[in-house]
Amino acid sequence: HKYTITSKAVKLQINPVDANVTITGHKDAKQYNSRERSASGYDFSADNSLYKKSDFSFSGTAKAARTNVGTTDMGLSANQFVNKNSNFGNVTFNVTDGSIEVTKRGLKITTGSATKRYDGSALTNSDYDVKGLASGDSITVETTGARTAVGSSDNTYTIDWGSTRESNYNLTDEL
């Protein structure tokens, strides 16, 4: 018997799959302390379990930093993430930016009190106490309260903030 073998080219083909990737920048809130505060990094998840963090490149900086009260964003955006795995066709990056928020620090000023019998001269007390000032910050407090007549009044004060930013503090007082 004579056999004729004919071969037919058969094609094996694997088509790429799609993936939806969620990138969530880290967010943090920290109280002002006169030093830089920061948040960094991001969380990654994908709707396709085969898609890994190593399947894309990132061209941004996943960090936000600031010293004074306020909020700074990382600046994460979808165009900073690029698929580099050809097994995935359409990869959509859904990005939520991260940030650092620096919140106000409590600062309490307490002025001294005094009592005396009426003698015609002014009653004053230059004592004061400051609680909550961040390391490296300084202020100058001067008590301004004075009383000459019978009765009572607050021992008021003034603050010279110098180079310290008042906006970094939530000021309360006890007069």
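The values are calculated or read from the model by the stated rules, or taken from the named source; none is laboratory data. What you are looking at is a predicted structure, and each value in this text was computed from that prediction instead of being measured. Keep in mind that these areas ignore ligands, DNA and RNA; they rest on the heavy atoms of the full protein, side chains included. Shrake-Rupley method; radii C 1.70, N 1.55, O 1.52, S 1.80 Å.
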Output ³J(HN,Hα) for the range 3-11: one whole-Hz value per residue in order, computed from phi by the Karplus curve 6.51 cos²θ - 1.76 cosθ + 1.60 with θ = phi - 60°, and x for Gly and Pro. 10, 10, 9, 10, 10, 10, 5, 10, 9
Among the listed pairs Lys30/Lys63; Lys30/Lys108; Lys52/Lys84; Lys27/Lys63; Lys27/Lys52, which have their C-alpha atoms separated by more than 21 angstrom in this model? Lys27/Lys52
Suppose a student asked you for the relative contact order of the range 1-156, using Cα pairs under 8 Å spaced at least 6 residues apart; what percent would you report? 24 percent
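Express the carbon and sulfur contribution to the solvent-accessible surface of the chain as a percent, rounded to the nearest whole number, probe 1.4 angstrom.
45 percent
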Read phi for every residue in the range 101-109 and hand back ³J(HN,Hα) as whole Hz from Karplus 6.51 cos²θ - 1.76 cosθ + 1.60, θ = phi - 60°, with x for Gly and Pro. 10, 9, 9, 5, 9, x, 9, 10, 10
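Averaged per residue, what accessible surface does the range 103-175 expose to a 1.4 Å probe, in Å²?
66 Å²
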Where the convex hull is taken over the Cα atoms of the chain, what is its projected area averaged over directions, in nm²? 16.5 nm²
